[in-house]
Structures are given as C-alpha cells and as structure tokens.
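Read-outs: derived from the displayed coordinates by stated rules, not from any lab. Since this is a predicted model, take the numbers as computed values, not measurements. For neighbour counting, all protein chains shown are included, and Cβ atoms are generated from backbone atoms with ideal geometry for every residue, glycine included.
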C-alpha cells in the first residue's frame with residue numbers, strides 16, 4: 001500500500017473518508033475552528049492540548065500536529 005492508497009480519516013469523528021471527500025456532518029463552520037480529535041492516517045484518538053496561542057495534537061504513531 002502506498003501513501004496515496006492509504007485511507008484518510010476525518011479529524012473530527014474518526015470515520016473513514018474515501019478519497020479524502022468531506023462528509024457534511026463534521027465539516028461545518030463551527031468545527032472549522034476546532035482542533036483535530038482523531039489522526040487522519042490511522043483514526044487513533046489524539047492527545048490534544050489547547051492554549052491561548054493555538055493547539056497541539058499528538059498521535060502515538062504519527063507524531064505531532066500544531067495549529068492555531
């Protein structure tokens with residue numbers, strides 16, 4: 001399996017999104033500002049830390065993601 005063949009998971013609910021397509025239930029203006037809760041590569045629950053300056057999220061397999 002190559003990286004392009006790997007399934008992509010929703011960062012808000014953890015469900016598989018084939019081909020990277022969005023599913024409307026999770027992608028609305030309210031969730032756009034929320035930090036991710038699930039890893040996009042393996043759907044594992046992320047350890048999320050929110051601060052006034054942004055957020056960090058860490059997957060036990062795929063490492064850190066940061067945003068703000």
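Taking neighbour counts of Cβ atoms within 10 Å as a proxy for exposure, in what order, fewest first, do 9, 41 appear? Show your work: numbers first, answer last.
Details: 9 20, 41 14.
Least crowded to most crowded, the residues run 41, 9.
At R0 = 25 Å, how high is the FRET efficiency between residue 53 and residue 33 if r is their beta carbon distance? Nearest 0.05 is fine.
The calculated FRET efficiency here is 0.95.
Between residue 13 and residue 41, what is the label-point separation in nm under the 7 Å Cα-to-beta-carbon projection?
Those two pseudo-labels are separated by 2.5 nm.
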